[in-house]
Amino acid sequence: QVQLVESGGGLVQAGGSLRLSCAASGNIFSINTMNWYRQAPGKQRELVAGITSGGSTNYVDSVKGRFTISRDSGKNTVYLQMNSLKPEDTAVFYCAADSQLGHFWGQGTQVIVSS
């Protein structure tokens, strides 16, 4: 099993920044890819960014140039740096791990961007 705990959400004004953290524990060596998803009210959950065990990253078009996913292997933590936030970024952000043991989710952290 893999356990994921997110932190760093909150309320920020448009144009501001937040950094989300996702701390992984358990069978971390089984993890292939770490992803950040978000789900806005009334919308489907969407993949925002991902980082592979080899360090390759990918982003949804709407956040390219504004969000950066990174990891600290020593701390078993993945980050999502979010800059130039927009009201449409308001959502619950979830960390997820794709591992050899299956797919695991964190509990989510709320991000609210005020206009």
### Query
For the range 42-53, how many residues meet the condition of being more than 23 Å from Gln1 (Cβ to Cβ) and either of a type in the set (A, V, I, L, M, F, W, C) or open to solvent by 70 Å² or more (accessible area, probe 1.4 Å) (or both)?
5
### Query
Identify, please: which residue in the range 64-107 is part of a loop (DSSP other than H, G, I, E, B), more than 23 Å from Phe29 (Cβ to Cβ) and polar (S, T, N, Q) and is, among those, least open to solvent (accessible area, probe 1.4 Å)?
Thr90
### Query
Do we find a residue being over 16 Å from Val2 (Cβ atoms), open to solvent by 70 Å² or more (accessible area, probe 1.4 Å), part of a loop (DSSP other than H, G, I, E, B) and at pLDDT below 95 anywhere in the range 26-41?
yes
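The values are calculated or read from the model by the stated rules, or taken from the named source; none is laboratory data. None of these values were measured; they are calculated from a predicted model. Neighbour counts run over all protein chains shown; Cβ positions are idealised from the backbone, glycine included. For the accessible areas, the whole protein counts, side chains as well, though only heavy atoms, and no ligand, DNA or RNA atoms are used. Shrake-Rupley method; radii C 1.70, N 1.55, O 1.52, S 1.80 Å.
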